[in-house]
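I have placed the structure first, in the form of structure tokens, so that the comments after it can refer back to it.
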Amino acid sequence: MINEIVSDAGSRMQKSADALVENFKKIRTGRAHPSILDAVSVSYYGSDVPIQQVANISVEDARTLTIIPWEKKVVGDIEKAIMKSDLGLNPSTNGDIIRVPMPPLTEETRKGYIRQARNEAEGARVAIRNIRRDANGDLKDLLKEKEITEDDSRRGEDQVQKLTDKFVAEVDKLLAQKESDLMEI
């Protein structure tokens, strides 16, 4: 019983950390990286699909992404989708190849992105703490129903706390890494 609660809490905390990594991918740094366009959807034959499903995205140089659509008629749709996204990117088309230059980050935009990254990290920490609260509540319910002893309950709470500390430290490490990426010129 206790092991199930602890392992469930651990897997849910891991999902929160994974979600933070995905959210960090949407915050662009000064370097070009194909994952920046993960959130962009293209209208393709009447339905919205991720850009990766209609084109090949590669890094041309440190500040330029190259997008090669699989069908020539999708070029305009991809260009519109990138412009509509809130990434602040302006693609340029050269026949059937789309180049997306990454504008250099100003100090002000860097600070804004760092603020956004910190908010995302705080959201992940809150989610992890909520998972801890739920797991501890489940342990207390088992204790009330006399299915486990007080010692077992304390041991379970200690295990959940160790998991929480581990994942909060992981979130802090991910945030520090993203901040250093953002401050890099």
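Just so you know, all these numbers are worked out from the coordinates, no wet-lab data involved. Values in this document were obtained by computation on a predicted structure and should not be read as measured data. Ideal geometry is used to build each Cβ from the backbone, glycine not excepted, and the neighbour counts take in all protein chains shown.
Laid out as a table, the results:
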{"read-out": "Cα principal axis extents for the chain, largest first, Å", "value": "71, 40, 21"}
{"read-out": "Percentage relative contact order, the chain, counting C-alpha pairs under 8 Å, at least six apart", "value": "27 percent"}
{"read-out": "For segment 34-101, diffusion coefficient by Stokes-Einstein and Kirkwood Rh (Cα), 4 °C, 1.567 mPa s, µm²/s", "value": "111 µm²/s"}
{"read-out": "Estimated dipole of the chain in Debye, rounded to 20 [Cβ of Lys and Arg +1, of Asp and Glu -1, Cα centre]", "value": "500 debye"}
{"read-out": "The chain: DSSP helices with Cα axial extent of at least 15 Å and average Kyte-Doolittle hydropathy no lower than -1.0", "value": "2-25"}
